[in-house]
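First up is the structure itself, then whatever we jot down about it.
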Amino acid sequence: MLGTFFYPWYGAGEYRHWREAGHTPPATWASNYLPDIDPATFNPARELYDSRDYEVFKWQVVAMKRAGIQFVIVSWWGIGEYEVEVFRLILKDYMKRSDNPYPSLLWAIYYEREGYGDPSISQLERDIRYILDNYAQDPNYLKVNGKPVIFVYGEGDDTFGYVNRWSVVREARHLCCLEGLSRLEVCG
């Protein structure tokens, strides 16, 4: 299967996430790639998009479909964060619309908290329970052997604590985890 990363961080009204590194949108912005939604006109005020914009979503999934992308790994920072609401909107609303150009696209969480700290097992359990209760049963959520897939941000210097935490959580929740994108953990 061919997948890609998706970062639903962006907000146009307040230029959410476009202001990084001292940028001042729409004059300057922080991004490695600015989607060209309308190739006939360059309009950064419009093209500094909002991840919640359905027209932008359609433009993005059309590009994914053309590229042969089969699943999307979506950045997820935990309950109550902006990305959680955007992902809920995508999975529960946009993917179900009759004019969605790629209704068979699959989605999986990229659990980002692990990359910036050592969440406790109880924190992981809360987040995983939320993911299972709110996304995993959706037909557009990626599964391997019937089990939901969660990608976990991993650093090269992660220690035994990282492995231990996720082993405990995986066993308790019967998950299939693709950890750090380095290998597939076979669930059985």
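The values are calculated or read from the model by the stated rules, or taken from the named source; none is laboratory data. Not measured: the values here are computed from a predicted model. When we count neighbours, we look across all protein chains shown, and the Cβ atoms used for this are built from the backbone with ideal geometry, even at glycine.
Observations, loosely collected:
- Single residue of segment 116-130 satisfying the filter (within 16 Å of Glu81 (Cα to Cα) and among the hydroxyl-bearing types (Ser, Thr, Tyr)) that is surrounded by the most Cβ atoms within 10 Å (Cβ to Cβ): Tyr130
- For segment 1-27, the tally of residues that are part of a loop (DSSP other than H, G, I, E, B) and surrounded by 14 or more Cβ atoms within 10 Å (Cβ to Cβ) stands at 12.
- Residue that is modelled with the lowest pLDDT, among those in segment 103-115 that are buried (at least 17 other Cβ atoms within 10 Å of the Cβ) and of a type outside the set (A, V, I, L, M, F, W, C): Glu114
- Residue within segment 131-138 that is outside any strand (DSSP E or B), of a type in the set (S, T, N, Q) and either at pLDDT 90 or above or crowded, with 20+ Cβ neighbours inside 10 Å (or both) present: yes
- Scope segment 109-148; condition closer than 20 Å to Ser167 by Cβ and touching a residue at least 60 places away in the same chain (Cβ under 8 Å); matching residues: Tyr110
- For Glu85, the test of being under 12 Å from the mean Cα position of the chain (by Cα) and loosely packed, with under 15 Cβ neighbours inside 10 Å is passed.
- Neighbours by Cβ (under 9 Å, 6+ apart or cross-chain): first from segment 10-39, within 20 Å of Trp77 (Cβ to Cβ); second polar (S, T, N, Q) and modelled with pLDDT under 75: Tyr10/Ser31; His17/Ser31; Trp18/Ser31; Glu20/Ser31
- Meets criteria (more than 30 Å from Gly154 (Cα to Cα), in a helix (DSSP H, G or I), among the small types (Gly, Ala, Ser) and modelled with pLDDT under 95) for Ala40: no
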